[in-house]
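J.: Okay, here's the structure, questions in a sec.
The values are calculated or read from the model by the stated rules, or taken from the named source; none is laboratory data. Here the structure is a predicted model, which is why all the values come from computation and not from measurement. Ideal geometry is used to build each Cβ from the backbone, glycine not excepted, and the neighbour counts take in all protein chains shown. Note: accessible area is taken over every heavy atom of the protein model, side chains too, but ligands, DNA and RNA are not part of it. Shrake-Rupley method; radii C 1.70, N 1.55, O 1.52, S 1.80 Å.
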Amino acid sequence: MAALSVQEVLPATLESTSEPPSLFDGTTRLYINYQCPYSQRVWITRNVKGLQDKINLVPIDLQNMPDWYKEKVYPQNKVPSLEHNNKMIGESLDLVKYVDSNFEGPSLLPDDPEKRKFAEELIAYSDIFVPEVYKSFFRDAQTLAGAQFDYLEKALDKFDDGPFFLGQFSQVDIAYVPFIERFQIFMEKGINYDITSARPKLAKWIEEMNKLDGYKQTKVLDPEKLVEYYKNLFLKKA
């Protein structure tokens, strides 16, 4: 088995003319999109648990989706989704928990009850954090998004036994990192705002996240393209 630090050869993205895999044949498949931050959450979970040989990636083109995906795989017609034990499971945060609980590899939640309680709070808060930052791009991003990053800076100060939200790397870091990655790229290049300025804990967290092989292999491949996409989405004048 290859070392986890070796770059995985990623399968080609499937589009409307692509044939489906042999569905429900006992193979565990994670349907994702390489550019989707929600997919990235589950992709990271798979990687850091060392499940590259147990969970096959099936990347889907969201702009040119194959009909069979909705008809035969996942009627909700979105990613991520997981084909496991002849059933389909969806929703990124649910899938992070499912993969962590139902597959081998290091647990991504600590035993400490205080840390587990804080994990639940922070994972739930990610459903506030993400839309609030996105909405801020239409208005005063530095103030409105800044308040969200201040919240994370304070959260990172709760436990001092490591650089991550619970001290050690966990599901909480996975919930946030795909979005913080994109926000940092866009806000620095698109609106000249450094999310780590005066936030040393957040800066250290990003530094430590970038050392994790299971995360590095999932990162945005083309930051310039991301910036242009976000500019057109959020900064285009009417």
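J.: State yes or no: is residue 227 assigned to a loop (DSSP other than H, G, I, E, B), surrounded by 14 or more Cβ atoms within 10 Å (Cβ to Cβ) and of a type outside the set (S, T, N, Q)?
T.: Taking the combined requirement at face value, the residue does not satisfy it.
J.: Restricting attention to the range 131-165, report how many residues are of a type in the set (Val, Ile, Thr) and surrounded by fewer than 20 Cβ atoms within 10 Å (Cβ to Cβ).
T.: To start, the set of residues in the range 131-165 that are of a type in the set (Val, Ile, Thr) comprises 133, 143.
Subset that is surrounded by fewer than 20 Cβ atoms within 10 Å (Cβ to Cβ): 143.
Residues flagged as of a type in the set (Val, Ile, Thr) and surrounded by fewer than 20 Cβ atoms within 10 Å (Cβ to Cβ) within the range 131-165 amount to 1.
J.: Right, next: In the range 144-163, is there at least one residue being touching a strand residue (DSSP E or B) at 6+ places or on another chain (Cβ under 9 Å), modelled with pLDDT of 95 or more and within 16 Å of residue 37 (Cβ to Cβ)?
T.: no
J.: Contact list please: Cβ distance under 8 Å, first residue in the range 210-229 and without any contact (Cβ under 8 Å) to a residue 12 or more places away in the chain, second residue in a loop (DSSP other than H, G, I, E, B), pairs at least six apart or on different chains.
T.: From residues that are without any contact (Cβ under 8 Å) to a residue 12 or more places away in the chain, the pairs are 216/210.
J.: Limited to the range 46-64, what total is found for residues that are open to solvent by 30 Å² or more (accessible area, probe 1.4 Å), under 21 Å from the mean Cα position of the chain (by Cα) and in contact (Cβ under 8 Å) with a residue 24 or more places away in the chain?
T.: Total meeting the criteria: 7.
J.: Condition first: farther than 17 Å from residue 186 by Cα and open to solvent by less than 50 Å² (accessible area, probe 1.4 Å). Now tell me which residues in the range 198-211 satisfy that.
T.: 199, 205, 208, 209
J.: Still on this structure, please answer the following. Within the range 173-194, identify whether any single residue is under 26 Å from residue 118 (Cβ atoms), small (Gly, Ala, Ser) and open to solvent by less than 10 Å² (accessible area, probe 1.4 Å), and answer yes or no.
T.: Within the range 173-194, one or more residues are under 26 Å from residue 118 (Cβ atoms), small (Gly, Ala, Ser) and open to solvent by less than 10 Å² (accessible area, probe 1.4 Å).
J.: Any residue in the range 69-92 that is out of contact with any strand residue (DSSP E or B) (no Cβ under 9 Å at 6 or more places or on another chain), open to solvent by less than 20 Å² (accessible area, probe 1.4 Å) and either closer than 23 Å to residue 176 by Cβ or part of a strand (DSSP E or B) (or both)?
T.: yes
Okay, residues lined up against (1) more than 21 Å from residue 91 (Cα to Cα); (2) outside any strand (DSSP E or B); (3) at pLDDT 95 or above:
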residue	(1), (2), (3)
1	yes, yes, no
4	yes, yes, no
11	yes, yes, yes
19	yes, yes, yes
23	no, yes, no
34	no, yes, yes
53	yes, yes, yes
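J.: Something else about it: So which residues in the range 105-134 are of a type in the set (Asp, Glu) and within 16 Å of residue 154 (Cβ to Cβ), if there are any at all? Let's see the steps before the verdict.
T.: Initially, the range 105-134 is screened for residues of a type in the set (Asp, Glu), giving 111-112, 114, 120-121, 127, 132.
If the condition is that a residue be of a type in the set (Asp, Glu) and within 16 Å of residue 154 (Cβ to Cβ), then 121, 132 are the ones that fit.
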